[in-house]
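J.: This is the structure, below, for whatever I ask next.
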Amino acid sequence: MVLVVTEQREGVLKKAAYEALLVGFGLARQKSEQPVAAVLGSGVSGLAERVVRFGVKEVVTLDDAVLEHYTSEAYSAAVADLAIDRGFTTVLFAATALGKDLASAVAARLETRLLQDCVVVELQDGAMVARRPVFAGKAIASVRAPDTGRTVVSIRPRAFDPQTQTEKSAEIVSAELKPLELRSRVAEIVRSVSETVELTEADVVVSGGRGMKGSENFGMLEELAKAVGAAVGASRAAVDAGWRDHQDQVGQTGKVVAPTVYIACGISGAIQHLVGMINSKCIVAVNKDAEANILKVADYGIVGDVFKVVPLLTDEFRKTPRA
């Protein structure tokens, strides 16, 4: 049986949750089954109706005040207990920052194998076969796990297209959290306020690198982002220089994004950055160096001064109504 853990944040399902449901549906169908989905949190029972339309057999809600804020200790205990009590052989997550942490913690509690950050997951000849990027995305490893015992899997966000399944009815079950002796609790969450879209959820991302020359110049990227409804990202060089927060970093040591359009401004295109955005459907690069590596992978390249090109792009996008 396949259990899909759907990630939510403040009562809203993440896009990656729908992708995980799609993969779970495909795996279960190969076993002539239907997947079971789990929704964890506090005050999240209403989200079950959103999950039903993906053709799941059942939605299990774990709604408890202890789960109001994410901690790997509480969440992993809840998921592991559910997997053991119900006999789930495959537990599936989206490989977001939260999902990677939770998947590894659940695998440790279950003392079983973990297939992390997969871009393909399927059953072949009685075994689960997954493909995942390795060596900073320079190669794809094919990993084979016997279809016996339990397997924990996380799938890379934006690697799958989440298409809604046919409307179906499903049983919604409320499960109780077993008593936990937590060693730590979240006392406070300090949030930064941003007017742009969250980076990993955005369909368009505008990123800046060393070529932006300073934090004050990222204002022009924010204006471009507003014009196209985009999120603002940055290369590691820009983050290390203190121009942007680490949460904006795209790359091997930052966030992996795969938007419909990725606009790279003043970014050279080091492999550590490329691994974080190479799966974007369309890459647009603006760089004054015609030999910059980013231009070799871009679908559209503009060789020019970023401080002249970006304002022109912003003006043109403002004139064009958004679909």
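Derivation of every value follows stated rules applied to the coordinates shown; laboratory data play no part. Computed from a prediction, not measured in an experiment: that's the story for all the values here. Note: ideal-geometry Cβ built from the backbone for every residue, glycine included; neighbour counts use all protein chains shown.
J.: Would you look at the GNM of the chain, springs on alpha carbons closer than 10 Å, and say which of 188, 73, 223 moves the most?
T.: 188
J.: Next question, about the same structure. Which length gain, in nm to one decimal place, applies between residue 9 and residue 253 when the Cα-Cα distance is subtracted from 0.36 nm times their residue separation?
T.: 85.6 nm
J.: Quick one: net charge around residue 295, please, counting Lys, Arg +1 and Asp, Glu -1 for every other residue with C-beta under 13 Å from its C-beta.
T.: Cβ neighbours under 13 Å give a net charge of -1.
J.: Is it possible to state the helix-based mean residue ellipticity at 222 nm for the chain, with each DSSP H run of 4+ residues giving -39500 (n - 2.57), the sum divided by total residues, to the nearest 500 deg cm²/dmol? What is it?
T.: The helix contribution divided over the chain gives -8000 deg cm²/dmol.
J.: Here is a follow-up. Report the trypsin sites (Lys or Arg not before Pro) located in segment 263-323 that are in a DSSP loop and have at most 12 other Cβ atoms inside 10 Å of their Cβ, or state none.
T.: Here the trypsin sites (Lys or Arg not before Pro) that fit, given the DSSP loop and packing criteria, are 281, 322.
J.: Where the only charges are on Cβ atoms (+1 Lys, Arg; -1 Asp, Glu), what is the dipole of the chain about its Cα centre, to the nearest 20 debye? Intermediate results must be reported in sequence, preceding the final value.
T.: Values: 37 positive and 40 negative charges, 161 e Å.
Here the size comes out at about 780 debye.
J.: Report the one residue of 260, 184, 293 whose Cα lies farthest in the direction of the positive end of the charge dipole of segment 172-323 (charges on C-beta: Lys and Arg +1, Asp and Glu -1; origin at the Cα centre).
T.: Of the options given, the answer is 293.
J.: Right, next: Tell me the label-point distance for the pair residue 123, residue 97, using the 7 Å Cα-to-Cβ offset, in nm and rounded to one decimal.
T.: 3.6 nm
J.: Next question. Counting only DSSP beta bridges with both residues in the chain, tell me the antiparallel percent, nearest 5.
T.: 25 percent
J.: When only C-alpha pairs under 8 Å and at least 6 residues apart count, what is the relative contact order of segment 2-175, in percent? Spell out each step's value before the answer.
T.: Numbers: 383 pairs, mean separation 46.9, N = 174.
Worked out over segment 2-175, it gives 27 percent.
J.: Give me the orientation-averaged projected area of the Cα convex hull of segment 199-319, in nm², one decimal.
T.: 6.1 nm²
J.: Between residue 240 and residue 113, what FRET efficiency comes out of the Förster formula 1/(1 + (r/R0)^6) with R0 = 45 Å and r the beta carbon distance, rounded to 0.05?
T.: Numbers: r = 35 Å, r/R0 = 0.79.
After rounding to 0.05, the efficiency reads 0.80.
J.: Would you calculate the separation in nanometres between label points at residue 89 and residue 30, each defined as 7 Å from the Cα along the Cα-to-beta-carbon direction?
T.: With each label placed 7 Å out from Cα toward Cβ, I get 1.2 nm.
J.: For the chain, set up a GNM with springs between Cα atoms under 10 Å and report which of 48, 16, 187 has the largest fluctuation.
T.: 187
J.: Between residue 57 and residue 290, what is the spin-label point distance in nm, taking each point 7 Å from the Cα along the Cα→C-beta axis?
T.: 6.2 nm
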